[in-house]
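Novice: One structure coming up, written as C-alpha cells, with questions to follow.
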Amino acid sequence: MSVVVTGATGQLGRLIVESLLERGTPAAEITATGRSVDRIADLAAAGVHVVASDYDDPASLDAALAGAEVVVLVSGNEFGRRVAQHRTVVDAAARAGVGRIVYTSIPKADETPLLLAAEHRETEEAIAASGLPYTFLRNSWYVENYLPQIPTYLEHGIVGAAGDGRVSLAPRRDYAEAAAVVAITEGHENAVYELGGESITLADLAALVADAAGQPVAYTDVDEDSLRGILVNAAGFPEPVAATFADVDSGIKAGWLHVTSGDLERLIGRTPTSPADSVKAAVAAL
Ligand SMILES: NC(=O)c1ccc[n+]([C@@H]2O[C@H](COP(=O)([O-])OP(=O)(O)OC[C@H]3O[C@@H](n4cnc5c(N)ncnc54)[C@H](OP(=O)(O)O)[C@@H]3O)[C@@H](O)[C@H]2O)c1
C-alpha cells in the first residue's frame, strides 16, 4: 500500500503520517509532501519519502503522486484559491491513476451555508466528477481552534455568537487517526464520513476552562454583527477574517458543526478525546 499525504508539512498532515507509521505502514510506503519540506526532515530521516510539491505546480504533484495507491489530500489554507489548487491535485491524481483520493472536508459539505464550506463543496464535486474512487472525511472543528485563546478566556471570558448551538470537537490527532485508518483499510470507497467528537456549547467550553483553571469564566453571547465588530476592533483581525469567524459562530448556532454520526469513534475504535481532557491539558501547560 503506497500512500501519499499532502499537507504533511502542516499540523494535520504530519499527524496523519505519524498515525500511518503507528499503524504499521512501512515508512518506505509513505510519501509526505508539501512545500516547506524542511519542516519534515525528521520524517525523511525515519525513511518516509519526502517530496516537495506545490498545489500550484502540476509537475511537482506528478512527481509526488507517481505510483500512489491512495492520496490523502489535506485541504489547503490559502482561502479563495483552494478550489483551483485542489483541482490541480485531483488532475494529477487522475494522471497518476491513483486508486483513491481521501479528502479532508467540512461537515455537511453539500448543504452547509458556512462561508468556509464553499471551497470544500466544490472540491468534493470536482473529486466526484473525476471518476476516481474517493473517501470524504468531513472533519468538524479542531479543539485546538480554541485552546490558544485560553489565556484570553481567563482574562476576559469567552465572547461568541453561537448561542446554545453545539460544536463537535476533537483534537487533530483523532481526525488524523481516522484519515490513516481509511487510507490503509478496505471498505471506504465512495464513502462520506461526518467526523466530530463530543458536542458542546461555548458556555460549556467556558465552564470547562473555569473548572480546569479554578476560576470563573463567563460566556457572553452577542449577535453575529457585534462579534464581527469585536473581532476587528478589540482583537485586531482583518475584516474578512472576522467575518469568517463570526459566520462560523452563526453556523454553530444553527447546528452546522454538530455531528452526531458516531463515524469518528467507529473509525478510530475508541471514544474521541474529550474537550474536557484537551482543555485540562492546555491549562496545565500554561
Ligand atoms: N476543521 C478545522 O477546525 C480546521 C481548522 C483550520 C483549518 N482547517 C483545514 O484543514 C487543513 C489542515 O489543517 P492544519 O491545521 O494542518 O493546517 P496547517 O498546519 O496550516 O497546514 C496546511 C498545509 O497545507 C499545505 N499547503 C498550503 N498551501 C499549499 C500549496 N500551495 N501547495 C502545497 N501545500 C500547501 C501546507 O504546506 P506548505 O505550506 O509546506 O506548502 C501545510 O502542510 C487546513 O489547511 C484547512 O484547510 C480545518
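Novice: Expressed in nm to one decimal, what extension gain is obtained for the pair A66 and A46 from 0.36 nm per residue of sequence separation less their Cα-Cα distance?
Specialist: Working: separation 20, 0.36 × 20 = 7.20 nm, distance 2.07 nm.
Full extension from A66 to A46 adds 5.1 nm.
Novice: Provide the per residue accessible area, probe 1.4 Å, for the range 55-132, rounded to a whole number of square angstrom. Please report the intermediate quantities before stating the final value.
Specialist: Working: 3060 Å² over 78 residues.
Per-residue accessible area for the range 55-132 comes out at 39 Å².
Novice: How many nm is it between the label spots at R39 and D91, if each spot is 7 Å from the Cα in line with the beta carbon?
Specialist: 2.5
Novice: For the range 182-286, what is the charge dipole size about the Cα centre, in debye to the nearest 20, if Lys and Arg each add +1 at the Cβ and Asp and Glu each add -1 at the Cβ?
Specialist: I would put it at about 320 debye.
Novice: To the nearest 20 debye, what is the magnitude of the charge dipole of the range 3-139 about its Cα centre, counting +1 on the Cβ of each Lys and Arg and -1 on the Cβ of each Asp and Glu? Working shown, then result.
Specialist: Values: 12 positive and 18 negative charges, 33 e Å.
Dipole about the Cα centre, nearest 20: 160 debye.
Novice: Between beta-carbons, use under 11 Å as the cut-off and find the net charge around L195, counting Lys and Arg +1, Asp and Glu -1.
Specialist: Working: positive: R138, R266; negative: D174, E177, E194, D263, E265.
Local net charge: -3.
Novice: List the residues whose amide H sits under 5 Å from the amide H of Y219, counting only those 5 or more places along or on another chain, with H placed 1.01 Å from N in the peptide plane.
Specialist: Close amide H contacts, sequence-distant or interchain: I158.
Novice: In nm, give the distance between the simple-model label positions of D277 and S226, each being 7 Å from the Cα along the Cα-to-Cβ direction.
Specialist: About 3.6 nm separates the two model spin labels.
Novice: What's the carbon and sulfur percent of the chain's accessible surface, probe 1.4 angstrom, rounded to a whole number?
Specialist: Working: 6230 of 12060 Å².
Here it works out to 52 percent.
Novice: Quick one: order E22, E69 from most to least accessible surface, probe 1.4 Å. Numbers along the way, then the final one.
Specialist: Values: E22 130, E69 85 Å².
Ranked list, largest accessible area first: E22, E69.
Novice: In addition: So, counting K/R as plus one and D/E as minus one, what does the shell of residues with Cβ under 11 Å around R173 add up to?
Specialist: -3
Novice: Ignoring everything but the protein chains, give the 1.4 Å probe accessible area of L12 in square angstrom, nearest 10.
Specialist: 10
Novice: Hey, if we sort I230, I101 by accessible area with the 1.4 Å probe, largest down, what's the order? Can you show the working numbers first?
Specialist: Numbers: I230 70, I101 0 Å².
So, going from the largest accessible area down, we get I230, I101.
Novice: What residues of the range 89-104 lie in the reach of a label at S261, counting those whose backbone N is under 15 Å from a point 7 Å from the Cα along Cα→Cβ?
Specialist: Label zone hits: 102-104.
Novice: Same structure, new question: What is the dipole size for the chain, taken about its Cα centre, with +1 at each Lys and Arg Cβ and -1 at each Asp and Glu Cβ, in debye to the nearest 20? Each step should come with its number before you reach the end.
Specialist: On the way: 20 positive and 39 negative charges, 85 e Å.
Result for the chain is approximately 400 debye, rounded to the nearest 20.
Novice: Along the charge dipole of the range 3-139, pointing to its positive end and built from +1/-1 on Cβ of Lys, Arg, Asp and Glu, which listed residue (V83, I16, V70) has its Cα farthest out?
Specialist: I16
Novice: Additional query: With unit charges on the beta carbon (Lys/Arg positive, Asp/Glu negative), name the residue among G165, A118, Y146 whose Cα is farthest towards the positive pole of the charge dipole of the chain.
Specialist: Result: Y146, furthest along the dipole toward the positive end.
Novice: In the full protein assembly as shown, how much of K253 is accessible to a 1.4 Å probe, in Å² to the nearest 10?
Specialist: For K253, solvent-accessible area is about 120 Å².
Novice: Give the residue from I230, A207, I268 lying farthest towards the positive end of the charge dipole for the range 199-286; charges sit on Cβ (+1 for Lys and Arg, -1 for Asp and Glu) and the dipole is referred to the Cα centre.
Specialist: Selected residue: I268.
Novice: Can you give me the C-alpha center-to-center distance between the range 1-79 and the range 100-163, rounded to a whole angstrom?
Specialist: Each part reduced to its Cα centre gives a spacing of 21 Å.
Novice: I've got another one for you. Using a 1.4 angstrom probe with every protein chain in place, what is the largest-first accessible-area order of D277, D211?
Specialist: Descending accessible area places them as D211, D277.
The values are calculated or read from the model by the stated rules, or taken from the named source; none is laboratory data. Everything numeric in this text was worked out from a predicted model, so none of it was measured. Every residue, glycine as well, gets a Cβ built from its backbone with ideal geometry; the counts of neighbours run over all protein chains shown. Side chains are part of the model used for accessible areas, which takes the heavy atoms of the whole protein and leaves out ligands, DNA and RNA. Shrake-Rupley method; radii C 1.70, N 1.55, O 1.52, S 1.80 Å.
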